[in-house]
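**Q** The following block contains the structure, expressed as structure tokens.
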């Protein structure tokens, strides 16, 4: 009978200890290998070839944009490991609609600083319209870095809602709502999730909560109206529709400080002119005019900028400067109906009615449906004593824009002065349809009804 | 259309054009067993040679990225479809509205060939044409047509013997706005076709628009004020000499109370009261659903009925429209084509008169996201008893990664496309319906040319131009040749094609009728009105695929005034003309 060597026996024993010397060797070898791998990875990470910032064609960009992008590119080239530099370049590219290049920058920024949720969030925004799955992954990444990132979570919830992933959407939106109980956005989205999920009562409750928090949001009342209609409560539906229609009809937009930060980096002419318009609308004429003048020193290619400046100067009473701007503009952009219109308006205020008429006619020749130019032409014709053409122009102005109430009243006044009261009444009726409750029209209607039909009209009717 | 601020995101039922209302209690004749869809381009072979001229090419004149329309209609009463194509004007012309190029071209079909008869037909008016609607405005049995334009529109009266006359002014039609799609509809059910016209934005043709980086591109409509649509009531009955007369009732009917950016229009009965309603696709703004109040007025109930916005309450860039019963529940649904990044939306009617969006359930959500859809038709291309879909695509803005030098070059691509327009081109799409309310699958035969050709496609018109019983397609493209596609889908089922006319109305097509056929206990309905899709007018006949059935057991017609008639059984695979008064009152 032979005996087996102890080593073999031991080697089959799962519970037994391995021989000491080979074990130490294996462990030591493993540590060395592991350390080498880690060190290689760190070395590669730190000394990997730096990625270059994307090149964009700046040949058509204005000098401001070109300088902005060039400067940020140089900062990235100088500090390729700086996440903030990549992110800044990304935001500037995104602001000027180089989405693909911006996405690349945000990706680099996120790689360099994985704890900053802003970069995957902005990356998500660049791909949102083209690749929703990727956008959802990036939004989750952003939320993962900062769980109270409400804007990102709301966006994710809405994205999932649009993709009909209602349960997932609801889960995100409930968290968003709990984190910010006063926020309207998750409430409205939760109402929509419940509606699409076939739970109209719950949808109504969420929407009512939203309406209670902010009764001025048209979308909330529109949603309530639809829910009420679907559940057979027509009276409530009509009530909600009436409220909705009394509120401004603006696109649904939510506060987003990060997107606002991107927008604030825009330097293109159109954006600047929009800012100027905002300043003018807020009554800050001096800053608005200054900004418009600055824009024109850089770029005379946008006729609208001349037009806005001309109007602003006219509104502050500087008719002489307005005329200089608009005359210059009409030479540079003879095909711009808007400039001729504005020039006509300024000439009208200067009392130069024949010249004003010519400018309005130029505007109308270029744009036959230019309702305001037709209306102003009518006014000018009245000043020139030509009521026949004034009436025709008023009629054309309301034909072009049926909501132009002064067009109806202007025409009605001429008709009344001629004794054609029933024709005037018809126009005023139309004005009341497009603008129910308009007090000027109502007053004119009342005055008209208090007077009897003229003999000429009675005669015409009997004919 | 794409929002100006990219971050804001972060912030018919029709005969030719397809619509169907299926009896929910019945099974489809043959469901989802159609052949693989295949269309072959035959325009040149058939003599339909026309290339659209957008006018001010490369100067980013906004209207050129939105045009142009087309119509299939039998202009000469010889029982085959002729083609009307809308054109713009020469590039060398001044910026004013008037031009020297005719705003439309008429091709008469004779011996299976198309012949350009524009000049002899008297269609030599100028203008920057957009869309077309066809319909008989004076009840003489001859179809007339209306051309929408950038500037004054034109109404053409069919004088017979292939002659037309522009009667816009005499008829009291005045619409100087930039108008898009239009439709003829007898909204007051007085027997005379009225006219609804969508108006787009209050455009001022100043310098090219630029994107955020300063690159020239077509404008975003959001920067222009919205306008109101127009409704013209046909008052020819009161005309002393019988000549067509219209009055603008936009204000009185309530239509002028809502401003939008109208591009598409669809006529249908969306609440089953047998009065025609109107659905309007607005670009970047809530769509309208004008519900007929039966007293000469309309009320916009799009929000109430859930067809105004997308599921998160945003207005979309809506362009084209089609209607039909897509989920086989017996109720009319609406298909809206939208901008890239937005899905083509299917609104399905549910109980309570409210619609819900079911694009995802039907498989039409994902495939539509990368493209910008314009013309759209719903037709049973393979005769399996359910409606398939075709969508004409083409971008409106240059992609961000486009080669910047391309916009300034004059060459052609390998596929023959102008380099300038290549950036805007996309492939169109075909979707086969799996039936029984199931999913659509984007599919086409490997040799299909409709979905293979790259183009900046706009109008899409459906109709059986070769009278072989199946539905063919015609699509227009900007700055390119018209494309006529013959349906060559193999293994199709049986079919029946029906034209409904009213002898008391001069024998004109009875727009607004609902035609239902029952075959093998399956009942399918179509709404007769050729206006739908985008800037288009389709074959006025209603077409039914009936699968393996060799006959239809009965045909029911509900005429536009709500009167019903039943017509006897008929063999499959034939064209029928049903005349009002010849059926049996149930």
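Since every read-out is calculated from the coordinates, none of them should be taken as a lab result. Everything quoted here is computed from the prediction, not taken from an experiment. In this analysis, Cβ positions are derived from the backbone assuming ideal geometry, glycine residues included, and neighbour counts consider all displayed protein chains.
**Q** Once you order the gyration tensor axes a ≥ b ≥ c over the Cα atoms, which shape class does the protein assembly as shown get: rounded for a/c under 1.5, otherwise prolate or oblate by comparing a/b with b/c?
**A** Oblate, since a/c reaches 1.5 and b/c is not below a/b.
**Q** Specify the angular offset, from 0 to 90 degrees and rounded to the nearest 10, of the alpha carbon long axis of helix A:387-400 from the longest principal axis of the alpha carbons in chain A.
**A** Roughly 20 degrees between the two axes.
**Q** If you take the Cα atoms of chain A, find Rg, then find the Kirkwood Rh from the mean of 1/r over all pairs, what is Rg/Rh?
**A** Reported Rg/Rh, Kirkwood definition of Rh: 1.20.
**Q** Residue B:243 versus residue A:33, label points 7 Å from Cα toward the beta carbon: distance in nm?
**A** Inter-label distance under the simple model: 9.8 nm.
**Q** While we're here: Mind jotting down the three principal axis lengths of region A:92-144 based on Cα atoms? Whole angstrom, largest first.
**A** 28, 23, 13
**Q** Ignore the peptide's own chain and count Cβ atoms of other chains within 10 Å of each Cβ in B:353-362; give me the average, rounded.
**A** 3
**Q** Still on this model: Taking a quarter of the surface of the Cα convex hull of region B:262-372, what do you get in nm²?
**A** It is 6.4 nm².
**Q** Also, quick follow-up: For chain B, what class follows from the C-alpha gyration tensor (a ≥ b ≥ c being the square roots of its eigenvalues): rounded when a/c is under 1.5, otherwise prolate if a/b is larger than b/c, else oblate?
**A** Rounded is the answer for chain B, as its axis ratio a/c remains below 1.5.
**Q** Report, to the nearest 10°, how far helix A:166-179 tilts away from the longest principal axis of the Cα atoms in chain A, using its own Cα long axis and a range of 0 to 90°.
**A** Between helix and principal axis, roughly 80 degrees.
**Q** Moving to a separate point now. Does region B:445-574 classify as rounded, prolate or oblate by the C-alpha gyration tensor (a ≥ b ≥ c root eigenvalues; a/c under 1.5 gives rounded; else a/b over b/c gives prolate, otherwise oblate)?
**A** Oblate shape, in that a/c is at least 1.5 and b/c is the bigger or equal ratio.
**Q** Per residue of B:249-259, count partner chain C-beta atoms within 10 Å of its C-beta, then hand back the mean as an integer.
**A** Taking all residues of B:249-259 together, the mean is 4.
**Q** Additional query: So what is the relative contact order of region A:225-332, in percent, for Cα pairs below 8 Å that sit 6 or more residues apart?
**A** 14
**Q** Right, next: Quick one: B:59, A:267, fewest Cβ neighbours within 10 Å first, how do they rank?
**A** So the residues, fewest neighbours to most, are B:59, A:267.
**Q** What list do you get for A:304, A:242, A:118 if you sort them by fewest beta carbons within 10 Å?
**A** Taking fewest neighbouring Cβ atoms as first place, the list is A:242, A:304, A:118.
**Q** Further question on the same structure: Where does each of B:349, A:449, B:537 land when they are ranked from fewest to most other beta-carbon atoms within 10 angstrom?
**A** A:449, B:349, B:537
**Q** Could you work out, residue by residue across A:215-228, how many beta carbons of other chains sit within 10 Å of that residue's beta carbon, and then give the average as an integer?
**A** 3
**Q** Only Cα pairs under 8 Å and at least 6 apart count here; give the relative contact order of region A:60-146 as a rounded whole percent.
**A** 21
**Q** Relative to the longest principal axis of chain A, what angle (0 to 90°, nearest 10) does the C-alpha long axis of helix A:150-162 take?
**A** 80
**Q** Moving on. Would you calculate, for chain B, the mean residue ellipticity at 222 nm contributed by helices, counting each DSSP H stretch of 4 or more residues as -39,500 (n - 2.57) and dividing by all residues, to the nearest 500?
**A** Rounded to the nearest 500, it is 0 deg cm²/dmol.
**Q** Which whole-angstrom value gives the distance between the alpha carbon centres of region B:266-326 and region A:164-209?
**A** With region B:266-326 and region A:164-209 each reduced to a Cα centre, they are spaced 26 Å.
**Q** Given the Cα-Cα distance of residue B:112 and residue B:49 and 0.36 nm per residue of separation, how much length would full extension add, in nm?
**A** 21.3 nm
**Q** Under the definition of Cα pairs under 8 Å and six or more residues apart, what whole-number percent is the relative contact order of region B:156-229?
**A** The normalised contact order for region B:156-229 reaches 21 percent.
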